[in-house]
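Nothing in this text is a laboratory measurement; each read-out follows from the coordinates by a stated rule. Given the structure is predicted, the values throughout are model-derived calculations rather than measurements. Cβ placement follows ideal geometry from the backbone for every residue including glycine, while neighbour counts extend to all protein chains displayed.
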Amino acid sequence: MAVVAITVDTNEESRKLCASEGYTFPFLSDPKAEVISRYGILHPRAGPDDHDIARPAEFLVDASGIVRWVNLTNDVRVRARPENVLKVIDTLMPATAPAR
Amino acid sequence: MKRSWNPFVWGGFAVTLLAILSYFFFFLRFPVTRDVPWATFVLFVVATGLLWTGVSRAFLQPERYRGKISGLVLTAVSGLLIALFCYMTFALGKDLPASAGAPGAGQQAPDFTLSDTGGKPVTLSEILKSNRAAVLIFYRGYW
């Protein structure tokens, strides 16, 4: 199971965040919000200086690249909790073989 | 008789400030006190109680307590801060686009390549070759 974070922040910004919070999974930088737009979750002019940013969203993508679950919160403060995502994974994609 | 200091009005204002600062510097970190900021609202209730007590004292027993003007000013400022917090929590935080174009369950996730914090390109389809699944977490940034 891989976890990937994506944001418009620069690599430098994300490096600081990972260092201060101790995150070890990859943080990817999408400064022009191209991938964010492709995923249909652009929040236009919602960042400082009217920059386009991502609305908070979580996607569970299976090995064949199919979206299995999406969480589009209606409140910026309310995000998918890790324990809930794990429950979703156990329900939607029960491990038949030992998880890699 | 010398009128005494009215600590309730100042205490109420201090608790209002504490409620707001503790949310941003502490309670925001935990989903349980962030998703519904109940701890902050408990502190707002305490602050309102203190301010009410302080202002009542100042007006009902003006010969004993000071704080008529400071009480009203601090109550007004506290009320404004609480209103601002509620506006951020209940209105601003929910001002999100509909995102009707986002891929739903059963649809193909667009492939992409972006660089990680080390500048190394990371491709979704490559990740999926060696993993059962991937959880993509998009967030607003600008922390």
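Extent of the range B:34-143 along its three principal axes (Cα atoms, max minus min coordinate, largest first): 79, 32, 21 Å. Put the Cα centre of the range B:14-81 next to the Cα centre of the range A:4-64 and the gap is 36 Å.
Of all aspartates and glutamates in the structure, those lying under 18 Å Cα to Cα from B:Lys2, and not within fewer than 8 positions of it along the same chain, are B:Glu63. Considering only A:Ile89, A:Ser14, A:Ile36, the residue lying farthest towards the positive end of the dipole of chain A is A:Ile89, judged by Cα position with unit charges set on Cβ.
Mind checking the full-extension length gain between A:His51 and A:Asn84? Use 0.36 nm per residue of separation minus the Cα-Cα distance, one decimal, nm.
Taking 0.36 nm per residue and subtracting the Cα distance, the gain is 8.8 nm.
Given +1 at the Cβ of Lys and Arg, -1 at the Cβ of Asp and Glu and no other charges, the dipole of the protein assembly as shown around its Cα centre is 1100 debye to the nearest 20.
Estimated from helical segments only, the mean residue ellipticity of chain B at 222 nm is -17000 deg cm²/dmol, where each DSSP H run of four or more residues counts as -39500 (n - 2.57).
Below 8 Å between Cα atoms, with a sequence gap of 6+, how large is the relative contact order for chain A in percent?
On the way: 108 pairs, mean separation 18.0, N = 100.
RCO, chain A: 18 percent.
Placing a label point 7 Å from the Cα of B:Ser22 along the Cα-to-Cβ direction, the residues of the range B:45-66 whose backbone N falls under 18 Å from that point are B:45-52.
With 26 Å as the limit on Cα-Cα distance, the pairs of A:Lys87/B:Lys129; A:Lys32/B:Lys94; B:Lys94/B:Lys120 that go past it are B:Lys94/B:Lys120. Averaged over peptide A:22-29, the number of partner chain Cβ atoms lying within 10 Å of each residue's Cβ comes to 5. Are there any helices in chain B, counted as whole DSSP H runs, that stretch 24 Å or more along their axis by Cα and score at least 1.6 on average by Kyte-Doolittle, and if so which? TM-like helix candidates: B:7-25, B:68-90.
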